[in-house]
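Enquirer: Okay, here's the structure, questions in a sec.
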Amino acid sequence: MGGNSLKKYLMAILFLLAFAASGHAAVAYVDLVSGNDTTGDGTAGNPYLTAEKADDILTGGGDEIRVAKSAITALSGTLTFTNGSASITTSADLSGVLADGYLISKNSESGGTEGWWHVSSVTTDTITLSAQYWGTSETTSAYYVIPAATDDSHWDGVKEGASKTSRMKISGGWDLSTETRDGYTAVTNSDIYGTIRISSNYIELCYFIAVNLYSSAAYGSFYVTYSYGYFHDLYASGANLSSGFYLSGKQSIVSDVVCTAGERNFYIDGGDNNYIEDLYCYTSCNSSTVYGNLYMTYTSNNIIKNANIFNSPIYGIKSSLAGYIYISNSTISNNTGVGVVASSAGPIFISNSTISYSTTAISVDSSSLAYLYANTFSNNSGSNVAISDVTGCPVSLPGAYELDSDGVHKTHFRDDDNGTRIYQSDTTEARSGTCINIPAAGGYVYTPVKIGSVKITSAANNITLSAYMKADASYSGFVAMYAIQNGKPVVPYTDKTLTTSYAQQSITVSSAALVVGEYLDLWVGVSGTAGNVYIDDFSYAQ
């Protein structure tokens, strides 16, 4: 080992030891434009070039890779955006400012729910996008960013040491001069399997804008095939991609994601037990497709809350060969075809959602099941609910109650601040008053139910969350408890053994994981092939 290499190696070791001695997780800095994997040491003043190199000096669990932010700059004058058009007129000459490959948006450095759109060409008074803009037609101020060119070597190696209780975090948007995060990092690639590819379980990824320029076959600006992740504050951009955000892992949380990338903007392919919240999908597909803006297939037990699905050329949401999909508090609008489609799917549960300006609002084929509750339909050119010879399907026209296949009105939705969960109210088996009865209808996929919440007023001590639970004699399956705070698991799935008599089951959340002012939720997951689980009397102690 040469003198210079040895020096860099020793600096990296001392860097890690300093963090370990102080009781903090290790941090390594990356600059995708001016960093250096050979001479860098991972400090903010001398960052690496790639996240893979940063991973070499980190142990993974609890550590963080911080990536330098991209400059998001205000454009002169105003831009006129027109829904459904790839041409944007400008009040100022931007031909010397913008170029092919740049991204523009109404979003500023602080973020927002608008998409980022890829620039194809610029003249003195017109910007041409790679795909149509979809959103509000208006004349307004706008911003641009130049994405950093990356390839597979930047991300593939990030996978060492992350665990169920301690994720590896990769965050963009860092000002390396002050070591504070106050923006986003924009990246580009031309790879069929994603601009940013997640190659490990237990990864947290946040504050990135990713654009994929591969072709119509590309699987996403974000490509996630591993599980137990936490993905938030992300923008997926592109033009006519196969998908914007591709997810095939399980038990991940996805929140605050905006997709403007392709025909299946958000694509869940075989991933089970995921929680998706605050999702915005504006299609950038130039032609009709058999897929949906939000498309789910070969998947089960995904919870989707506050999805905003706009401007699909054919389907807003499509569930195909998928089961146990829960959609609540969502808006599906301005789709050329059907708002929500269930094809050989089910059950799909839709509650407290608005479906408007489509042809048919909800279409259910003869091989599917759907449950509707408290939805709003408006300005759809065709029927609100179309049923194609659905034998035993508990769906009727708008205003229908959710029903079991035997026609008995007993299935009940609990829809509160944390989304839709399905269970049955039960007084016969209750320990006190009314209990929750969860049928084991999901095979070996967990059906998640939020049992109770407590607002944290102090983080001085651990807190124990408890509920009384039992199972009937015919129950065959597994039960687990877990805790979520601020959208993030703080106690992972913890298996519990039940008997036919009520017994109090508990999990404990460490004080170090508590956030004062936030709600801490106790969840129970039930899987199985037969029988029922009963839950009553939620409590907590600190």
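The values are calculated or read from the model by the stated rules, or taken from the named source; none is laboratory data. This is a predicted model, so every value here is computed, not measured. Don't worry about glycine lacking a Cβ; one is built from the backbone with ideal geometry, like all the others, and counts go over all protein chains shown.
Enquirer: Evaluate the following for VAL340: is it surrounded by 19 or more Cβ atoms within 10 Å (Cβ to Cβ), among the hydrophobic types (A, V, I, L, M, F, W, C) and modelled with pLDDT of 80 or more?
Expert: Yes.
Enquirer: Criterion first (buried (at least 24 other Cβ atoms within 10 Å of the Cβ) and modelled with pLDDT of 85 or more) does ILE317 satisfy it?
Expert: Yes: the conditions hold for ILE317.
Enquirer: Within region 350-370, can you find the residues that are crowded, with 23+ Cβ neighbours inside 10 Å and at pLDDT below 75?
Expert: SER368, ALA370 - these are the residues of region 350-370 that are crowded, with 23+ Cβ neighbours inside 10 Å and at pLDDT below 75.
Enquirer: Related question: Mind checking which residues of region 177-213 are more than 16 Å from ALA148 (Cα to Cα) and modelled with pLDDT of 85 or more?
Expert: SER177, THR178, GLU179, THR180, ARG181, ASP182, ILE203, GLU204, LEU205, CYS206
Residues checked against (1) of a type in the set (Ser, Thr, Tyr); (2) at negative phi; (3) not assigned by TED's automatic domain parsing to the domain that holds TRP134:
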residue: ARG167; (1), (2), (3): no, yes, yes
residue: TYR184; (1), (2), (3): yes, yes, yes
residue: THR195; (1), (2), (3): yes, yes, yes
residue: GLY238; (1), (2), (3): no, no, yes
residue: LYS250; (1), (2), (3): no, yes, yes
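Enquirer: While we're on this one: Take ILE422 and tell me if it is among the aliphatic types (A, V, I, L, M), closer than 21 Å to LYS305 by Cα and at pLDDT below 80.
Expert: Yes; evaluated as a whole, the condition is true for this residue.
Enquirer: Answer yes or no as to whether ASP233 is at negative phi, modelled with pLDDT of 85 or more, of a type outside the set (Phe, Trp, Tyr) and out of contact with any Pro (no Cβ under 9 Å at 6 or more places or on another chain).
Expert: no
Enquirer: A further question on this structure: If we keep just the residues of region 79-91 that are in contact with a Gly (Cβ under 8 Å, 6 or more places away or on another chain) and surrounded by 15 or more Cβ atoms within 10 Å (Cβ to Cβ), which is farthest from CYS259 (Cα to Cα)?
Expert: Result: THR90.
Condition check ((1) surrounded by fewer than 20 Cβ atoms within 10 Å (Cβ to Cβ); (2) assigned to a strand (DSSP E or B)) across all residues:
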residue	(1), (2)
ILE65	no, yes
ALA71	yes, no
GLY77	yes, no
ASP93	yes, no
VAL97	yes, no
SER121	yes, yes
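Enquirer: Same structure again: Do you know which of the residues in region 456-470 that are hydroxyl-bearing (Ser, Thr, Tyr) and part of a strand (DSSP E or B) is nearest to LEU522 (Cα to Cα)?
Expert: Within region 456-470, the match that is nearest to LEU522 (Cα to Cα) is SER466.
Enquirer: Could you figure out which of (1) in contact with a Phe, Trp or Tyr (Cβ under 9 Å, 6 or more places away or on another chain); (2) of a type in the set (A, V, I, L, M); (3) surrounded by fewer than 17 Cβ atoms within 10 Å (Cβ to Cβ); (4) at pLDDT below 90 isn't true of ALA512?
Expert: (1)
Enquirer: Of GLY101, GLY115, which residue is under 28 Å from the mean Cα position of the chain (by Cα), surrounded by fewer than 18 Cβ atoms within 10 Å (Cβ to Cβ) and in contact (Cβ under 8 Å) with a residue 12 or more places away in the chain?
Expert: GLY101
Enquirer: Here's something else I'd like to know. Taking the residues in region 244-294 that are within 17 Å of SER330 (Cα to Cα) and assigned to a loop (DSSP other than H, G, I, E, B) as candidates, determine which candidate is modelled with the lowest pLDDT.
Expert: The residue in question is THR283.
Enquirer: If the Cβ limit is 9 Å and pairs must be 6+ apart or interchain, which residue in region 469-486 that is farther than 18 Å from TYR275 by Cα pairs with which residue that is among the charged types (D, E, K, R) and part of a loop (DSSP other than H, G, I, E, B)?
Expert: Hits for this filter: LYS470/GLU429; LYS470/ARG431; ASP472/GLU429.
Enquirer: Same structure again: How many residues does region 99-112 hold that are part of a strand (DSSP E or B) and not hydroxyl-bearing (Ser, Thr, Tyr)?
Expert: Residues in region 99-112 being part of a strand (DSSP E or B) and not hydroxyl-bearing (Ser, Thr, Tyr): 3 in total.
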